[in-house]
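Q: Here you go, one structure.
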Amino acid sequence: MKLNYHLVDSYTVCASFLLLATPACTSPDMEGPSAHSTASLRLAGRRDSGGDIEAYPSRDTKHFRVCRFIMETGVKLCMRSVPVATACVLYHRFFERVGIHAYEPYLVAMSCVYLAGKVEEQHIRTRDIINVSHRYFNSGSAPLECDKEFWDLRDSVVQCELLILRQLNFQVSFEHPHKYLLHYLLSVKSLVNRHAWSRTPVAETSWALLRDCYHGAMCIHHRPQHIAIAMLYLALNSYGVELPAGEREWWQVLCDDVTKADIEAVIADLLQLYDMEAKCI
């Protein structure tokens, strides 16, 4: 059930394909004064390992792969879980407003990682992001030299960061389920026999499930409290851990406005992501 983060994506994005093209004032995805001063970052071409032009996958599958790239990049950059989650939310919210083919998703993802580091006060150098991304697509390759290719790519990442800020109206601070899940875990732990709790990895599974939620847009379509409750609910049921019965269900005690339908909707979206994983292998 847990996603495999070590699968190597077949895409190879060369830095020379990431171009600063004409201003995006003619793009239907940009409106207002900011459109006239924003560079359009487009992909001139993409090739797989065999050298043939690769067809674009479906929108959801594409976003799944790019979010997996964000998470692997975050791990290699030693980013905390919340900055990585912020990068994924930035990515999903950006592509809610623009088409999947309007901008190169992997370049947007690199800029989201860079911007998330600023938002969550874990600043990551652009050079580190570029080198980790370059190694992701070119396994075993040496770090990029500080030549024109590197500086062009760095400028693209920075320009794309400005584009993301303008598209999101500079609203880049988000409430994540992490703090709620931590609170719920502590509350539930006090209700369970400590020996039963130590024998079952409920906490570890809950955190893993929460991380997997960010592979899809479900992380922005459900309330953070509902996601946290649903992840804990699924983890408890997976290991058959039962909580003491009371007048109300335990999840109603922890979160007043959540319903069984809300929990089931979140879990259904998560299971769809696991089904999508098989298509991305």
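The values are calculated or read from the model by the stated rules, or taken from the named source; none is laboratory data. These numbers come from a predicted model, not from an experiment. FYI the Cβ positions are ideal-geometry reconstructions off the backbone, even for glycines, and counts take in every protein chain you see. Ligands, DNA and RNA are excluded from the accessible area calculation, which covers all protein heavy atoms including side chains. Shrake-Rupley method; radii C 1.70, N 1.55, O 1.52, S 1.80 Å.
Q: Please work out the Cα convex hull volume for the range 145-207 and give it in Å³ per residue.
A: In the range 145-207, the Cα hull volume divided by residue count equals 135 Å³.
Q: Compute the separation of the alpha-carbon centres of the range 231-263 and the range 122-198 and state it in Å as a whole number.
A: 30
Q: Shifting gears a bit: Order of 229-236, 189-196 by packing, highest average Cβ count within 10 Å first?
A: For the peptides 229-236, 189-196, the packing ranking is 229-236, 189-196.
Q: Same structure, new question: Mean 1/r over all different Cα pairs, inverted: what Kirkwood radius does the range 177-280 give, in Å?
A: With all distinct Cα pairs of the range 177-280 included, I get 14.0 Å.
Q: Also, I was wondering about something else. Using a 1.4 angstrom probe on heavy atoms only, work out the carbon and sulfur share of the accessible area of the range 138-190 in %.
A: The C+S portion of the solvent-accessible surface of the range 138-190 is 53 percent.
Q: For the range 174-227, what does the convex hull of the Cα positions come to per residue, in cubic angstrom?
A: Value for the range 174-227: 67 Å³ per residue.
Q: Please compute the alpha carbon radius of gyration of the range 59-174, then divide it by the globular-protein estimate 2.2 N^0.38 Å. Two decimals is fine.
A: Dividing the Cα Rg of the range 59-174 by 2.2 N^0.38 Å gives 0.99.
Q: Counting only heavy atoms of protein chains, what accessible area per residue, in Å², does the range 129-281 have with a probe of 1.4 Å?
A: 52
Q: D for the range 212-270, whole µm²/s, Stokes-Einstein with Kirkwood Rh over alpha-carbon pairs at 4 °C and 1.567 mPa s: what number?
A: 108
Q: Using the Cα atoms of the range 107-225 to build a convex hull, what is its mean projected area in square nanometres?
A: Orientation-averaged projected area of the Cα hull: 10.1 nm².
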